[in-house]
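Below is one structure, written out as structure tokens, with a few remarks after it.
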Amino acid sequence: PDPAPRPTLVARLRSAPADLANWFRHMWAGCKLLAADVRLSARILKRILAGKELGRRERNMLVATGADLARMLPFSFFIIVPFMEFLLPFALILFPNMLPSQFQDAMKREEDLKKQLKLRIELAKYLSDVVEEQARKVNAKGRDDQL
């Protein structure tokens, strides 16, 4: 199939304000979601300190929020240092998992899951081929030993 035609520079410039507004809305929603997760994790931590047991979901939530906060450290470097935000797209290309999960959009997440699934299927095919080959060698060796 033919790839989609690339938009011209004029078309990109016309859509830039709307794209920028969408990006800001996306980032604002991500910040609110991260704040909500941090508040919820703080409540969970208070319950842990009170000596209560954690459920599976609470533990997973605590681990995910901790990982997201750990990802925010390098991300905050780009915000604090002047003019480093211009290098953020290049850093995201080099390190795609640098953004916290709240800042990733659904389409990107779905594409990543499809890539991971495809890689796992290829790995499973490879491993099954290796196992079949080893089984043939063992069977052939067993026949030779019986003769």
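What to note about this one:
- Per-peptide average of other Cβ atoms within 10 Å, ordering 95-107, 20-32 highest first: 95-107, 20-32
- Residue separation of ASP145 and ARG43 scaled by 0.36 nm, minus their Cα-Cα distance, works out to 30.1 nm of gained length.
- Options THR65, LEU113, ALA91, ranked by Cα towards positive dipole end of the chain, top entry (Cβ charges): THR65
- Probe 1.4 Å, accessible area per residue of the chain, Å²: 86
- Value of [θ]222 nm, deg cm²/dmol, for the chain, DSSP H segments ≥ 4, -39500 (n - 2.57) each, nearest 500: -28000 deg cm²/dmol
- In plain terms, the chain from VAL10 to LYS52 could stretch by 9.1 nm, reckoned as 0.36 nm per residue minus the Cα-Cα distance.
- Spherically averaged projected area in nm², based on the convex hull that wraps the Cα atoms of the range 1-82: 9.6
- Rounded to the nearest 20, the Cβ-based charge dipole of the range 54-114 about its Cα centre (Lys and Arg +1, Asp and Glu -1) stands at 280 debye.
- You can think of it this way: the chain between ILE93 and LYS118 has 7.0 nm of extra reach, that is 0.36 nm per residue less the Cα-Cα gap.
- The range 76-99 and the range 103-147: distance between their alpha carbon centers, rounded to Å: 36
- Going through (i) 227; (ii) 126; (iii) 160, the figure that equals volume of the Cα convex hull per residue in Å³ as computed for the structure here is (i).
- Note on ILE48: accessible area is roughly 60 Å² with a 1.4 Å probe, heavy atoms of protein only.
- Residue among ASP112, ASP129, ASP19 with the largest mean-square fluctuation in a Gaussian network model of the chain, springs linking Cα atoms under 10 Å: ASP129
The values are calculated or read from the model by the stated rules, or taken from the named source; none is laboratory data. Only a predicted model underlies this, so the values are computations on that prediction, with no experimental measurement involved. Every residue, glycine as well, gets a Cβ built from its backbone with ideal geometry; the counts of neighbours run over all protein chains shown. Side chains are part of the model used for accessible areas, which takes the heavy atoms of the whole protein and leaves out ligands, DNA and RNA. Shrake-Rupley method; radii C 1.70, N 1.55, O 1.52, S 1.80 Å.
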